[in-house]
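To keep things clear, I will list the structure first and then write my remarks on it.
The values are calculated or read from the model by the stated rules, or taken from the named source; none is laboratory data. On a predicted model such as this, the values are computed, not experimentally measured, just so you know. Note that each Cβ is placed from the backbone with ideal geometry, even for glycine, and that neighbours are counted across all protein chains shown. Heavy atoms of the whole protein, side chains included, go into the accessibility calculation; ligands, DNA and RNA do not. Shrake-Rupley method; radii C 1.70, N 1.55, O 1.52, S 1.80 Å.
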Amino acid sequence: MAADARQFVNPEQPGYVGFANLPNQVHRKSVKKGFEFTLMVVGESGLGKSTLVNSLFLTDLYPERHVPGAAEKIKQTVKIDASTVEIEERGVKLRLTVVDTPGFGDALNCEDCYKQVIAYIDSQFERYLQDEMGLNRRNIVDNRVHSCFYFINPAGHGLKPLDIVFMKAIHHKVNIVPVIAKADTLTREEVFKLKSKIMEEIAKHGIKIYPLPDCDDDEDEEYKEQCRQLKAAVPFAVVGSNSIIEVKGRKVRGRMYPWGVVEVENPEHCDFIKLRTMLIAHMQDLQEVTQEIHYENFRSEKLATSKRTRAEGGGGGGDKEDKLTEKERLLLEKEMELRHMQEMIAKMQAEMAGGKGAAPSQNGRPAPGVKSHNV
Ligand code: GDP
């Protein structure tokens, strides 16, 4: 009998209720459930998109990839291709979906290229909206595009007209992260010049790229320095490779040239590590911006359009079915607002209870598990 009399140990000190632990609970729940993240890569084919994605996540996302020949390329329109992998690291699961647009920039007629990409982004928003309105809300799979790496040709002298049109067409829908492809084809000075030219053009044309969040004053110096360096590196000049090369006894991922090896993960050689750090450290922020800005834009636009259509079309008749839908819609709208507010309150509470938790992200937000993704 005495053996069963194990005492429940209060994890808290006397005098504390324990709500300071709430952020850890949120953290544990997210770790268990795992993260869902969708990354889209856009750019001309041959710029090294798939090589970079494989290098980033140390996984081969495209094992059976078919590389089209020249004749095929001319006929080809944009074909959207989504691959999902589950990566687990130190108990943290990441369900990563990479959306590739293999033929972009190949076809002679590129006018409609971006339309398909937009349609894809919108269709994922639409799906999420429908799921949110449905019965199975707790188990929604989030396939919305959280970030888009936009690959810029290193051989151009800045942005091409298509780059400008494309980025402007998608910047209100997705977090654009501009990337200079194949940076090993440029000298250090050329990279520097190309970066400032691209940033100038981005500002001149009013293109909105993903704004890396500012650091809070109370963050430690190391984190502040990291933020500063990441911001200064945009657009990230990257090199990708799927080969492992031995350099002075070290095994590195790199590209071997007659004059030496370009090391992908060497910050002196390119911005690959900075890009990966940005993605991992700001994964939660990218998701939040997608939810709070891009998805909200889509949702409110959608509701406004459907209201307008109903006002224009269904004025007189008083069709019973229509009225029912109207009522239901209003109800759902209110419910979603309510849920949104609840989420905001929960988030604020978590922030107040201690942004100083195990894995703080920018803005003092707790970033559940994100730091553990040291892929
Ligand atoms: P994608 O069509 O954009 O997905 O391009 P791939 O990843 O298939 O790469 C096309 C070619 O470029 C391949 O021969 C790669 O080995 C090469 N490549 C990929 N990344 C780099 C890079 O960073 N620098 C250089 N010089 N070549 C690269």
Over 20 Å (Cα to Cα) among LYS93/LYS173; LYS160/LYS197; LYS115/LYS160 -> LYS93/LYS173
Cα-based shape type of the range 176-268, given that a ≥ b ≥ c are square roots of the gyration tensor eigenvalues and the cut on a/c is 1.5 | oblate
Rolling a 1.4 angstrom probe over the protein heavy atoms, how many square angstrom per residue are accessible across the range 166-211?
-> 51 Å²
DSSP loop (so not H, G, I, E, B), at most 15 other Cβ within 10 Å: list which GluC sites (Glu not before Pro) in the range 245-318 pass both filters.
-> GLU265, GLU268
Taking one equal scatterer on every alpha-carbon of the range 110-265, how large is log10 of I(q)/I(0) by Debye at q = 0.16 1/Å?
-> -1.07
May I ask you to give the percent of accessible area on the range 171-235 that is carbon plus sulfur, with a probe radius of 1.4 Å?
-> 53 percent
